[in-house]
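Have a look at the structure below before the remarks.
Just so you know, all these numbers are worked out from the coordinates, no wet-lab data involved. Remember, it's a predicted structure, so these values are computed and weren't measured experimentally. Note that we place each Cβ from the backbone using ideal geometry, even for glycine, and neighbour counts take in every protein chain shown.
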Amino acid sequence: MRKERVPGGSRCPECGGALDPVDPEAARRGQRRLAAIARAASSVADAASLSVTLDVVANEVVQAEHIAAVQILRVEGGTMRVVGKAGFTDADDFTDRLEDCRRLGARLMFVEAFRTCRPIVVPHRKAAVMADPTWAPLHRIMAAPEWDAFAAVPLVVRGRAVGVLNAFYKPGEPPSTAALEFLEAMADQAATAVDSADLLSKSRHDAQLAERARLARELHDSVVQQVFSMRMQAKALQAQVAPGRTIRAERVQAVADELLELAQTALADLRGLVLQLHPVELVERGLAGAVRSHAESVRGTSGLDVEVDVDLSADVGDLPVELQEDLYRVVQEALHNVVKHAGATRASVHISTNGPPDRVVVEVSDDGIGLTAQVRAGALGLVSMRERAERWGGSIEFGSMDPGGRGCLVRVCVPVAGPGPAR
């Protein structure tokens, strides 16, 4: 059947009856909802800190709907915490007060939404809350926004609830079916943000465990062996000066000299390990200073000639500390591989923001046996370095320094303001 557009909707040309009347306000609200979902998705993809991302999601809900306030709660291990909000006054003790209400016997409707993984709508909820003495610890906070109906939508990840989005509707604006569908879409965005934060945290934890295991091997291979040798030399020295024995000064001197050399080597190795565990220079001196300090440590303990060149057109100190640490760890791992496996005499580290626009580039090169041999030796730690670059939206490349295959180049390129764990 052919339709003709008329003001306010469509009219049938055969019978003159109205067809599918168009509500301009409903259409505008639908457009606002779609725009809010798109902006929320963009914020989640942008991978800022979880609280910043979920504050954006909460604000988008408030602006798109007739909603007085929104809370996004994370429920984990039996505890609750507010991870995003809009419309409520700041209250650092909100979750403590909420727990007080629960202990007094208050019925927390959002808990039911969380447990059942289904949305819950409660009309005229504010009046009931304000009249209930079990909600007294939160009366002051809950009284501030002008709201009436309440809706709770669970944040579900792979069939498991990880939190809940609470919406407090303005008087006279009960949530419609379309409004609930919008809340569910926004809850999905919030759930994605929570899931991404969890996966990132696990990835960083796994990387830390792997790094600790490597440091434990380093400790065993260097310092533990040196301390054992020192113990043997100390016993030899003890035997030289035992009662009844003729003390030979030259022998005692030789043992003492060897003991001193072992102690100095062990101390240098320990300092290197401490630097790897806690690069305080990164906080005090920034990325460039920390890399220079580490290069000096490598030079002192291994004899490898390490040259550091820094060419920055922007203040690298403005980069997030976590990004600087990831870049520092890439340099650290690359130089570790050079020392252990490359058979090199020289290495260079180049840090620059004067290459690709809005990028920081870190390059580590050496004159050793070459990329193929190092890969065959399993020495590059590719996974760890690649993950550090990619979590910031960057890339990592490996190549040889000359056509003959000798030497190795590790090149990391990361956006100055790219996605990552923190911004």
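Remarks
- Paramagnetic reach from THR116 in region 139-164 [backbone N under 14 Å; point 7 Å along Cα→Cβ]: 151-154
- Residues whose placed amide H lies under 5 Å from that of ARG359, excluding near-sequence neighbours: VAL416
- Among TRP147, TRP392, the order by Cβ neighbours within 10 angstrom, fewest to most, reads TRP147, TRP392.
- Neighbour counting of Cβ atoms within 10 Å sorts the residues SER365, SER201, fewest neighbours leading, into SER201, SER365.
- Cβ-Cβ FRET estimate between GLN264 and SER203, R0 fixed at 25 Å, reported to 0.05: 0.05
- Normalised per residue, the volume of the convex hull around the Cα set of region 22-199 (Å³): 109 Å³
- Placing pseudo-labels 7 Å out from each Cα toward the beta carbon at VAL416 and ILE247 gives an inter-label distance of 6.7 nm.
- Pair ASP93, SER384: separation of 7 Å Cα→Cβ label points (nm): 4.5 nm
- The ranking of GLU65, GLU387 by Cβ neighbour count inside 10 Å, starting from the fewest, reads GLU387, GLU65.
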